[in-house]
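Written out below as structure tokens is the structure these notes cover.
Throughout, read-outs are computed from the coordinates displayed, never taken from laboratory work. Keep in mind that what you see is a predicted model, and the values were worked out from it rather than measured. Backbone-built Cβ (ideal geometry, glycine too); neighbour counts: all protein chains shown.
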Amino acid sequence: MDKKLKNQLSQIKLLICDIDGVLTDGSFTKSTSGDELRSFNALDGVGFVVLRLLNLNIKTAWITGRESITTTQRAEELQIDEVFNGVIRKIDAYNELKKKYNLYDNEICFIGDDIIDIPILEKVGFSVSVPNAPKYISNYSHYITSLEGGKGAVREVIDLLIESRGDFTSKLDELLKELR
């Protein structure tokens, strides 16, 4: 990891993710009864668990423009600290989180993929997007993941956050000792 990237990531105290197109591939299925099915990637989920188990003092939040019970349920399973469900003006939720946790912009990482994410992408210390986002979103991003949204992109960022805190292998070895 290069020095500039490590410096940006080592300051992060809050990881915020969009949902559709970031934690999912952006698709959902609705039944005639109105039920909704979404696909979340297990690698991303395990990444949130690892982040919590390593006690790196990084809070987690999800801000999504689309209201979904499935999102709330998945966030509860993963013990996400804060969830803003059905919020189109995401910058308001961002400012609320910033105030609640007494953070500066440079201490926040946001992963987004669409136009309603731009106001946050412009502010945070480390802005991330995914390769399946509209091309112009890259103009607002410090980093574009190699993996697509819903296919491990968030885990890629979580691994970078862990690596920025020291030797990645030793951090994982610490965790493996607890799991064995």
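Assorted remarks:
- Entries of LYS13/LYS99; LYS6/LYS59; LYS13/LYS123; LYS3/LYS98; LYS59/LYS151; LYS98/LYS123 with Cα pairs more than 20 Å apart: LYS3/LYS98; LYS59/LYS151
- Each Lys or Arg adds one and each Asp or Glu subtracts one; over the other residues with Cβ under 12 Å from the Cβ of GLY86, this totals +1.
- Annotation for ASN55 and SER33: the two label points, set 7 Å from Cα along the Cα-Cβ direction, are 4.5 nm apart.
- If you look at the Cα atoms of the range 3-179, you get an Rg and a Dmax of 15.5, 52 Å.
- Relative contact order for the range 3-179, counting Cα pairs under 8 Å that sit 6 or more residues apart, in percent: 29
- Per residue, the chain reaches -11000 deg cm²/dmol at 222 nm when only DSSP H runs of four or more residues are counted, each adding -39500 (n - 2.57).
- Of THR72, THR169, THR60, the sequence from fewest to most neighbouring Cβ atoms within 10 angstrom is THR169, THR72, THR60.
- Net lengthening on full extension, LYS6/ALA42 (0.36 nm per residue, minus Cα-Cα): 10.4 nm
- Segment LEU175-GLU96, extension gain: residue separation times 0.36 nm, minus the distance between their alpha carbons: 25.2 nm
- In the range 25-91, the inverse of the mean reciprocal separation of distinct Cα atoms equals 13.2 Å; this is its Kirkwood hydrodynamic radius.
- Annotation for the range 48-142: trypsin sites (Lys or Arg not before Pro) lying in DSSP loop with at most 12 further Cβ atoms inside 10 Å of their Cβ are ARG89.
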